[in-house]
Every structure is written in C-alpha cells, then in structure tokens.
Amino acid sequence: MSEKKVRLKIRRQDSANAKGTRRWEEFEVPWKPQMNVISALMEIQKNPVTTSGGKTTPVVWESSCLEEVCGACTMVVNGKVRQSCTALVDQLAPNGQTITLEPMSKFPLVRDLIVDRARMFDALKRVHAWIEVDGSHELGPGPRQSQENQEETYPLSRCMTCGCCLEACPQINDSSEFIGPHAISQVRLFNLHPSGKMHATDRLSTLMSDGGIGDCGKAMNCQEVCPKEIPLVDSIAQVSRAVTKQMLFGWLLK
Amino acid sequence: MAAKKSVRSESGKVRRVVVVGGGLAGLTTVIKLCEAGVPVDLFSLVPVKRSHSVCAQGGINASVNTKGEGDSPQVHLEETVYGGDFLANQPPVRGMAEAAPGIVFMLDRMGVTFNRTPEGLLDFRRFGGTLFHRTAFAGATTGQQLLYALDEQVRRFETINVEDDQGVSIPGERMVRKFEFWDFLSLVMDDSGIARGIVAQDLKSMEIKAFSGDAICLATGGPGIVFGRSTNSVINTGTAAAAVYQQGACYANGEFIQVHPTAIPGADKLRLISESARGEGGRVWVPRDTKEKRPGRDVPENERDYFLEEKYPGYKNLVPRDIASRELFKKCFHDKRGIFNRRSEKNENEVYLDVTHIPKPTLRKKLAGILEIYEKFVGEDPYENPMRVFPAVHYSMGGLWVDFERSSTGSLVMGSPRNQATNIPGLYAAGEVDYQYHGANRLGANSLLSCIWGGMVAGPAIASYVRNLNSSSYDLPASLLEKAEIRERDKYEGILKMDGSENPYQVHAELGEMMLVDCTIERHNATLDGVLAKIEELTDRANKVNVLDTSAHSNQPAQFTRHMFNMLTLARVIAQGARNRDESRGAHFKPDFPERNDAEWLRTTLALHKPGAGNHHTIHYARSLDYELAGQRVHVTDEVDISLVKPRPRKYEQAGAANTAAKSVAKQSLAPLPTGR
C-alpha cells in the first residue's frame, strides 16, 4: 500500500528585492491524522526536497500560537486568505488534491510566505486604540458596565491584527491610503468603553482625514473573511454615523 | 556631576533599560519603567501582540470576594502555596495575592472586556485548587484580552517622547522603542560580570547587533517546545533563558514542568482546553465498560465513571493540575480505560471532558473561545458531544532563579533592587521565565497574575537599580559592545557553515518525543538515566547538522539551529533535576519515591552551568548563591521561605483542605452560586 501523501504548491521568493527568484515549488509530505497546513510545512523543514527531487531550502512562514488567537500565520490558502493553523488538510484536500499556499498580496513581501504587516500596527497608533488611563497604580475598580455592553465589545476585542480584512478589501491598493477595517472597528471598541468614550472625538477625527472612513467602498469583503467573525460592517456603519455626526455638529459641542 | 538619576548618561545619551519579551510580564515591566520615567528598548521574537500570553484562556485570579464567600488574599496565598506543595517562597506569593485585586481593577480600567454580573460588576468563576469564585475572565480568551490591553498601553508610550531632567521633551526619543522580529542571543557583560546590554539578531535582515542597556529584563516565557508538542506557542523554545544560563545565570527548579490534564491531541501542537470548562461545571469521565463504542452523549449516566469526582469528593473535577493529569494518565495507561475513537476505530489514550449538560447560552457567553478551538480542530460540536482530551505539557514552574527582599510583615519590600534580580547583576527576569511564584505546581489562573505581578515588581526594582548604578552602560567604551557583537557573529557564521548530515528539525523532534514520554507525568530513575544519555547522543548529532539554508534573509533554519542547541541545554537541566530529586512533590512524581520528603527536599534546585567540549555541558548543583548588587554582597541559600504557611500534606479529597483560614465558609461555597443571567 502506498503511503498517503499531502501535496503542496507554494509561492516562493527569496527576499523582497529578489523578484527574479519568484517561483512555485511543489512538495509531497507524509500524511498524518489531524494534520493542518502548518504541520505539512513542518514536514518540509524535516526534508526540504521538492516533488521533482530537487533540494531546496525549507519554506519560511510566520507562526506562533497555532490555535488561531495570535494572528501570525495568515496566508492565502487555495486562493482564500485565512490562518494556516486552522487550515486542516483533510478538509482542504479530502482526496489528496494539491493545496496552494501564497503570501498575502496587500503587504510588502519579506520572504516566501512572510509579509510585513507593520502598517496595521501603525494604524492602531493613529486612531489611539487605547484607553487613556491615569496610570497603572491602584485606583480602585473600573467603571461598572452592563452585560449588554460587554457582549457588544468582547467580539470587537478579539481582533488579532491578522490582516485578512485588509487582504480582502478592494480599497487597499497601491493608489489608496485607506486605514483598513480593523482600525475602524477598534475605534468603535474604545468609543464604547465608559472612559474610552471621553476621547471619542480624537479617534473619530483621525478617521475624518485622508485614508479614513470615507475611503471604505462598502464591498463588505472584510466581514466575510474575518476569522473571528467580528461584525466589521456593523462597526464601519456605526463609526461612520459617529463621524458624520461629529462633522455636522462637532463645532456645536466645542 | 550628572546625577545618577539623570535620564541622560555622562556622554549625553538617553539611558534605557532593555526588556526582552513582550508578553504580559514584559509589557507590564515596560509600563512600570515608563511610569517611573525610565525609557525602554523592547525586543521580541514576534510583534508583541502575538506573544504566547494570547493563548491563556480561563482567567486571572484575584480574591475580590464579590460572591460573599469569605475569600481573601490570605486564602489565595494559602491555596497557592498548598497547591504548589510548599516549594514556593511565601513572601512573594503573599505580595502577589495581596496585589491581585488591584491588578484586575487596573486591567478593567485599561478596557479589558471582562464578563460582568447583572449589577455591572466583574464576574468571577471557579478554577482548580480552590472552592472560591476567584477567577476574572473575558470569555475564554482572557490572555488575549489582557495582552491586548497592555499592548495598547505600551503602544501609547511609543508615541510619547522622553523628557530630560528639566521636563523638556527630547525630540526623536520615544519612551518605548520596539524591536520586533529580533532574537535575543546573549548578554553584554563588563569585566566585573555586570550585564550591560544585549546582542540580538534581526530575523529579517539577519543583522547581529549589540545594544546598551542600564539593566536587562528577560520576560521571555517558558521552554515548552523542549517537549516537542505542547500547549505552547512555537516561539517558546526557552532560548533566551538557556543563553543567560550559559553565561552564569542560575536556573532554579527546572524539573518542575506542569502537565495540563485537558488538551486536544494534534500533529503540530496539543491545543489546550481550559480548566475553566471544569470551572463552569464541565465533568471528566470514561465509560465504565471499555468495550463501549457508542458516542459519548449516548452513554447513559449510570454507565459513566466520573473518576475525579469519585476519588476527590472535596474538589472533584477541580483538583490541581498535577493530580488531575496523573489520574487521567493512570486511567488511560495503567488501567487501559481510554475511550473508543470512531475515527481510528480503537480505544485511544483519551478521556471525555463533558460540558453538554451546561445551558448553551452560558457556554456561549463564558466558554465560546475554547469550544470554537475544539470545533475548528477536531471537527466535532462540543455543545452536543463530550470533548475528547488528554494531558499535555503546559507550563514551567521552574526558570531563572530570582531574588526577593522580604519585608518585616512577611511580604515584599516594593522597589528593592533585589526583587526579580537574577544572580547576574543588572539582569532581571519576570513571568514564566522566572521560578518564583508557583512552587512545585501552579494553580490555574495564577499564571496571568504572576506574569503581571512579576512585571509590577520588576519595574520598580529595575528603576531603583538603574538609579543607583555608579556608571551608565552608555558611558562604557564602545569596544565592549563590539567584542560581544563579534563573538555572536562568529558563532552565527559557524552555524551557517554547518554542512553535516543531520536535520536540526529532526534532532529536535526526537528530543521532544523523548522528553514528552520519559520526563513528564511519571518519572523513573532508570529511564531518566537513559534520557540523559540520549541528550548527549543528540548533542553529538546536533553538532553534525546541516543548516539547510545559508541565505541572508529571514533564515529560519539557522535561527532554529541555535534554538535547538539551547533546547538541548535546558533539556539537560530539566532531566538532571528530575533525576536528582528522589521524592514526589507537585508536578514531579516518581512512583519509586511516592512521598514528599521535606527533610531532604524542601529546597530549591539551583543549577549552574559548567561548559564542556563540543556543546556537552555539565551542571553544578549549588546549595547557595552569592552575588553582588550595588556594591553589596548578597548571600542566599536553597532554603525555601515557609514563614507564613506551615507545610502539611496535600489532601484534596476533603473540601476546604487547601486552606485553614476559611474552612467554615468554604463549606457554604460548595453550593453553586448563580452567576450572570
């Protein structure tokens, strides 16, 4: 009986500038029960040889938690952006079909499946995605919050900055400065917090500028690809209303 | 004279502290340093938001006592010490238990989306080793939420300028500078053995560079990957701890490795199913009949063996992890009672963890995060079918030895430069990488607490150390950094030249498999001798690996080869510590020595590195340590500070056995309290 194999076709490039090294490589690795894309990549590390028998370097990729809470291992698997840790081989290729892996296309490439997502963290800085606490010293309990509020904010607080929403968004491209759905949703999160609310206008004003919420094209792809099922469309709608209100009546509140 | 407290060095450079690791402990240390006016360079293997703290699920302990049960920090201290089988120094634990409510309130103010009671207060649930509702939680992804809150505060400091001694902001000098995707290689030490900076490698450009720091704090987490597959993130190789250990830092209680009872077996990792599943009422069982082939939900109640509840009527499914893991192991391996698996069509080493009797709205509000993981990776619905789980390596109680200064009242002297200090002057450690708070076994939901508390203690301790430094690291000759840089570059060049026949990933896989099988739940001296011999053999093979990749960009195989050597070093510390300790205490269990032996072993294992030829090291086990701190000689021994709670045998069969202070109220708290809606 021939050993069951997992077939992978992987987009590779040796470094950002080495465009000439852009290529596909194919691999076959031994199948194991409950295998995911990451464990298949780990098998390549143990035997970095392509299907045609050529020696190559192990494929490099980013990963950390392997249980879809850190957001590191995002890549394009069979044409769909997602975390590769939850990409189970038996689901993707029940009959031994080839699984295709590519790096995300909307971020600068680093090498192979690794891209640079620094812009997402910069965006969090721009929208002041934090609570302005007076300090970490003891100041007693925080403000009371209703269970309803917690149920609205908890899903928003699960954003892993993984990049799926930016990858799927048509407004993220070379000619646009759109900040991205993840940052808008974080504005909603912090503006819902009893003390975060006190600085709501700071966050909204960032979203009024170039690349802000006005650049959303309402394609709604973001919510579809979000691995944590964060209601991003809803977030954009709510923040958009708040921004409009701020633009129309903000001067009255001053 | 430039004041010692000045933000600038004599030569006018901004004085910084280096923090390595951006999980809960590292980020808290950064925040505390920034608040004390000390700028920080923060290094991390990954963007700090992706640190392993995200994996923590169940919650964080704090005796806020909002359920009227009579819980208090004193009870928390007692239960932590008892759960740890009396190996933890008690004053630091007391400090932690007393600070816990304030820490949870701080996190709440930072915006953590904790679950709430109908009155809008923080909700608390039960966890292992206690009868009290002491664990605050945000769904079942509490670690993620806590990490994000601290990450956000640190990001804020990234936008704030350093101020000079007159309070004028210094343009271009931010309070926090982040170096993400950098691998810690080693300390820069001066001639008198003081840590003066670090050498690190940029994992994209592979550039090796030395950085000054007036002090260094390692908050680099645990070494779970030494065991191959565990519940840990792939970055938890323990490489930084291994590196400083080889530079003279003492590694304490390395043999104490926590095995978590409930994880999902997997090819790449063993995914945790939080203790909170049992805290919310989940039950562990196997069918009474080993020939039982029906799906778990179809097995009638009277044909189920709820073996933890039967054996431990006091704490039931919430006995501490070391005990639960041993019972699960015994059920599967010794009694051959593992459950039937419909996919493999045979009985596997798995037991049921059942939450199907809990109302679905409760599950969705409180446990969705972990049930989602089960659903995604196993492909079965845990709301309808009992989950299939088995123990997995989870946490290291041992780690870098750190000091503490006891106050006259038996707590910590906050701001003492001895707190969280390693035996290398200028090197501090906090979080899972230190050994301080959990003794021989950690209680659930104490890890998030000890990480944050470790940072809260380390921050002021380091600030105080830095203020009293006679000369800033920034005023030392550049040759000090250059020498360290050259040393590390040579080492790295050596790795790039490795062209042998062995594969580093394969060598590591074999190490992990052996450590997992032979050095976890049950330990036998003959087997451990074999483990130690095999580590030597694997070291020989490691010396003959092929680096697989010599490129100058994102060279992961070369980085991994370095980590592999460091994992072999830590494996030796863990296995030799286990071999030496002929007793059973907490997570360390030897069937041939089944009793705890306080007369001989109520002491800290202190391991010091002795270099040998060809990466073959030996270990010197010390009974005391001497180190210099701010011109003072500090002498410490391996004696455990048991000044607050007198050691007694652990008996989780009886309700309330873990504490004497609150025995009467503990009885009342046995009845489940209504929480949430």
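The values are calculated or read from the model by the stated rules, or taken from the named source; none is laboratory data. Note that the coordinates shown come from a computational prediction; the quantities given were computed from them, not determined experimentally. Cβ: placed from backbone, ideal geometry, glycine included. Neighbour counts: every protein chain shown. The area values use the complete protein model at the heavy-atom level, side chains included, leaving out ligands, DNA and RNA. Shrake-Rupley method; radii C 1.70, N 1.55, O 1.52, S 1.80 Å.
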Give me the net charge of A:V81's neighbourhood, meaning all other residues with Cβ under 11 Å from the Cβ of A:V81; Lys, Arg count +1, Asp, Glu -1.
0
Rounded to the nearest 10 Å², the 1.4 Å probe accessible area of B:S186 is 0
Out of the chymotrypsin sites (Phe, Trp or Tyr not before Pro) in region B:306-339, which ones are loop residues according to DSSP with at most 16 other C-beta atoms within 10 Å?
B:Y306
Computed on Cα atoms only, the convex hull of the protein assembly as shown has an orientation-averaged projected area in nm² of 37.3
Quick one: ranking B:H76, B:H334 by accessible area, 1.4 Å probe, largest first, what do you get?
B:H334, B:H76
Top mean-square fluctuation among A:R158, A:R188, A:R203, Gaussian network model of chain A, C-alpha springs under 10 Å?
A:R158
Below 8 Å between Cα atoms, with a sequence gap of 6+, how large is the relative contact order for chain B in percent?
21
Run the simple label-point estimate for A:N173 and B:E301 please: 7 Å along Cα→C-beta, distance reported in nm.
6.2
Per DSSP, the loop-located trypsin sites (Lys or Arg not before Pro) within region B:439-504 having at most 10 other beta carbons within 10 Å are B:K497
Once a ≥ b ≥ c are taken as the square roots of the eigenvalues of the Cα gyration tensor of region B:260-393, is the result rounded (a/c under 1.5), prolate (a/b larger than b/c) or oblate (a/b not larger than b/c)?
rounded
With a ≥ b ≥ c the root eigenvalues of the C-alpha gyration tensor of region B:383-444, is it rounded (a/c under 1.5), prolate (a/b larger than b/c) or oblate?
prolate
Cα-based convex hull, chain A, per residue volume (Å³, whole number)
167
Please tell me the relative contact order of chain A in percent, rounded to the nearest whole number, where contacts are Cα pairs under 8 Å and at least six residues apart.
16
Over all pairs of distinct alpha carbons, what does the Kirkwood formula give as the hydrodynamic radius of chain B, in Å?
25.4
Under 1.5 on a/c is rounded, so check that first for region B:399-556, then, if it is not, pick prolate when a/b is larger than b/c and oblate when it is not; a ≥ b ≥ c are the square roots of the alpha carbon gyration tensor eigenvalues.
oblate
Once label points are set 7 Å from the Cα along Cα→Cβ at both B:S205 and B:N597, what is their separation, rounded to one decimal in nm?
5.6
Distance between Cα centroids, region B:155-210 to region B:609-629: provide it in whole Å.
29
So, relative contact order of region B:260-393 in percent, Cα under 8 Å, 6 or more apart, is 35
If I take R0 = 41 Å and measure r between the Cβ atoms of A:E229 and B:E537 in this structure, what FRET efficiency does the formula 1/(1 + (r/R0)^6) give, to the nearest 0.05?
0.25
Which order do A:K5, B:K366, B:K646 take when ranked by solvent-accessible area (1.4 Å probe, heavy atoms of all protein chains), largest first?
B:K646, A:K5, B:K366
Using the Kyte-Doolittle scale, find the helices of chain A whose mean hydropathy is at least 0.0 and whose Cα atoms extend 20 Å or more along the helix's long axis, counting only whole DSSP H runs.
A:232-253
Take the Cα atoms of region A:5-115, find their three principal axes, and give me the spread along each one in whole Å, biggest first.
38, 36, 23
Subset of A:K32/B:K49; A:K228/B:K346; B:K49/B:K331; B:K376/B:K534; A:K32/B:K291 violating a 29 Å alpha-carbon distance limit
A:K32/B:K49; A:K228/B:K346; B:K49/B:K331; B:K376/B:K534
Within a Cβ distance under 9 Å of B:R541, other residues only, what is the Lys/Arg minus Asp/Glu net charge?
-3
Over the Cα atoms of region B:485-610, what radius of gyration and what Dmax do you get, in Å?
17.6, 56
Using 5 Å bins from zero, what percent of all Cα-Cα pairs in region A:118-253 falls into each bin?
2, 10, 20, 23, 20, 13, 7, 3, 1, 0
Quick calc, A:E148 & A:K125: beta-carbon distance into FRET formula, R0 22 Å, rounding 0.05, result 0.15
Taking chain A as a whole, which cysteines find no other cysteine Cβ under 4.7 angstrom from their Cβ?
A:C73, A:C85, A:C159, A:C162, A:C164, A:C169, A:C216, A:C226
Can you list, largest first and rounded to whole Å, the semi-axes you get for region A:1-67 by taking the square root of 5 times each eigenvalue of its Cα gyration tensor?
22, 16, 9
Per-residue mean of C-beta atoms belonging to partner chains within 10 Å, peptide B:544-555:
4
Between the residues A:P194, A:C222, A:N173, the Cα farthest towards the positive end of the dipole of region A:118-253, that dipole coming from +1 and -1 charges on the beta-carbon of Lys, Arg, Asp and Glu, is from A:P194
How much FRET efficiency would the formula 1/(1 + (r/R0)^6) give for B:N341 and A:K245, where r is the Cβ-Cβ distance and R0 is 45 Å, rounded to 0.05?
0.20
Anchor A:K19: aspartates and glutamates whose Cα lies under 17 Å away (excluding residues fewer than 8 positions away in-chain)
A:E102, A:D112, A:D116
Most to least accessible of B:E303, B:E583, B:E119 (protein chains only, probe 1.4 Å)
B:E119, B:E303, B:E583
Along Cα→Cβ, 7 Å out, is where each label goes; now give me the distance between the ones at B:D165 and B:Q247 in nm to one decimal.
2.9
With charges set only on the Cβ (+1 for Lys and Arg, -1 for Asp and Glu), what does the dipole of region A:118-253 come to about its Cα centre, in debye to the nearest 20?
200
Nearest 10 degrees is fine. How inclined is helix B:556-580 to the longest principal axis of chain B, computing both from alpha carbons?
60
Can you give the extra length, in nm with one decimal, that the chain gains between B:A36 and B:K293 once fully stretched, where that is 0.36 nm per residue apart less the Cα-Cα distance?
86.3 nm
Fully extended, how many nm does the chain gain between B:N580 and B:S479 (0.36 nm per residue separation, minus their Cα-Cα distance)?
32.1 nm
Per-residue SASA entry for B:E180, accessible area with 1.4 Å probe, Å² rounded to 10:
60
Using a 1.4 Å probe on the protein heavy atoms only, what accessible surface does B:F105 show? Give it in Å² to the nearest 10.
40
Of the listed links B:K13/B:K610; B:K67/B:K366; B:K209/B:K269; B:K316/B:K365; B:K590/B:K646, those spanning more than 29 angstrom between alpha carbons are B:K13/B:K610; B:K209/B:K269
Under 15 Å from a point placed 7 Å out from the Cα of A:E26 along the Cα-to-Cβ direction: which residues of region A:97-125 have their backbone N that close?
A:97-101
